[in-house]
Amino acid sequence: MANMILRLPAVKTRTGLSRSTIYLRVAEGRFPKPISLGARAVGWVDAEVEAWLAGQIELSRRTQGGRLLAPGSH
């Protein structure tokens, strides 16, 4: 499978996050790091963004009201 590179507008659309939130989470190590595409261009590996989204969905499903749920107690 070929790697697809997403530019910032596509990442914002897929995640629902703002530009500043994306870069803040990258700096915190809580979002995939972009790759350099040239002197003034970066992009994100689609598979890494999709894996992050899957993790966020899983985390959301396991928590409710800020507390962790036991497996199978949804």
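The values are calculated or read from the model by the stated rules, or taken from the named source; none is laboratory data. What you see is a predicted model, and the numbers here were worked out from it, not measured in a lab. Cβ: placed from backbone, ideal geometry, glycine included. Neighbour counts: every protein chain shown.
Things to note:
- Residues in the range 14-28 that are more than 11 Å from the chain's Cα centre (by Cα), surrounded by fewer than 11 Cβ atoms within 10 Å (Cβ to Cβ) and not aliphatic (A, V, I, L, M): Ser18, Ser20, Glu28.
- Verdict on Ser20 being under 26 Å from Ala2 (Cβ atoms), hydroxyl-bearing (Ser, Thr, Tyr) and modelled with pLDDT of 95 or more: no
- Subset of the range 7-25 (residues that are in a helix (DSSP H, G or I), of a type in the set (S, T, N, Q) and free of Cβ contacts under 8 Å to residues at least 12 places away in the same chain): Thr13, Ser20, Thr21
- Total residues in the range 26-49, condition assigned to a helix (DSSP H, G or I) and either touching a helix residue (DSSP H, G or I) at 6+ places or on another chain (Cβ under 9 Å) or touching a residue at least 60 places away in the same chain (Cβ under 8 Å) (or both): 2
- Only residues that are within 20 Å of Ser60 (Cβ to Cβ) and of a type in the set (A, V, I, L, M) were counted in the range 12-30, giving 3.
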